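Asker: Would you mind keeping the following structure in view while I ask a few things?
The values are calculated or read from the model by the stated rules, or taken from the named source; none is laboratory data. Because the structure is predicted, anything quoted here is derived from the model rather than measured. Every residue, glycine as well, gets a Cβ built from its backbone with ideal geometry; the counts of neighbours run over all protein chains shown.
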Amino acid sequence: MIKSKNLIDYSTLDEDTRKKKAKAYLLWILARRDYPRQTLESKLKERKLLTNEIEELIEELINDNFYKPDAFFIYRIRTLSEEGYSEFGIKNKLYKQGHRIEQSELKEIIQSERIDLNRCKETFFKKCIKKYGLNQDSRKQFKEKLVHRAIKKIESRGYRQTDLWDAIEAWGES
């Protein structure tokens, strides 16, 4: 992402103008997409807004229902699950992107949003089996490049190798 070199230094403005401009900026970026709270805080710190003003401003947006802190995580968890990530894979991917979420929070969001991880897993495995042309004989050809790539891919999503072999046995060559 390209950062603008023309950032407004809010520290030079009077308090009232500073708050109005910062609020307008936050509303503008939130209108485009959802962000985690820590990203909003860092964007305002880049503009040299004081920490207490940042907290105050974000709380005001939450109270006015302009910002929902969980919206980003709900969107991201739903997207990752549709890409075939397991619960562990989702938590790990969010962590690598710098977003901390507790396991209990993750489970709560998955349940409240009715995200069916089993259906997502099944779809992902079927795509993998089809893409890499895997069948029940593939286990014997473990060192073959395509089998190795398929295993790497499912492991990157937080599944075990045995899950792949179970899926191949269950769905055959379809």
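Asker: Hey, among 74, 101, 90, which residue is in a helix (DSSP H, G or I), free of Cβ contacts under 8 Å to residues at least 40 places away in the same chain and hydrophobic (A, V, I, L, M, F, W, C)?
Answerer: 74
Asker: Which condition number does residue 77 fail, the rest of (1) at pLDDT 90 or above; (2) over 16 Å from residue 120 (Cα atoms) being met?
Answerer: Failing condition for residue 77: (2).
Asker: Among the candidates 66, 125, single out the residue that is among the aromatic types (Phe, Trp, Tyr), surrounded by 16 or more Cβ atoms within 10 Å (Cβ to Cβ) and without any contact (Cβ under 8 Å) to a residue 60 or more places away in the chain. Steps first, answer last, please.
Answerer: On the way: 66 fails: surrounded by 16 or more Cβ atoms within 10 Å (Cβ to Cβ).
Going through 66, 125 in turn, the sole match is 125.
Asker: Moving on to the next point. For a quick check of your reading of the model, give me the residue pairs whose first member lies in region 143-162 and is outside the structural domain of residue 127 (by TED's automatic domain parsing), whose second is at pLDDT 85 or above, with beta-carbon atoms closer than 7 Å and at least 6 apart or on different chains.
Answerer: none
Asker: In region 120-142, what residues are polar (S, T, N, Q) and either modelled with pLDDT under 80 or assigned to a loop (DSSP other than H, G, I, E, B) (or both)?
Answerer: Here is the first cut: in region 120-142, the residues polar (S, T, N, Q) are 123, 135-136, 138, 141.
Selection gives 135, 136, 138, 141.
Asker: Here's something else I'd like to know. All but one of (1) modelled with pLDDT of 80 or more; (2) over 26 Å from the mean Cα position of the chain (by Cα) hold for residue 157, so report the exception by its number.
Answerer: The number of the failed condition is (2).
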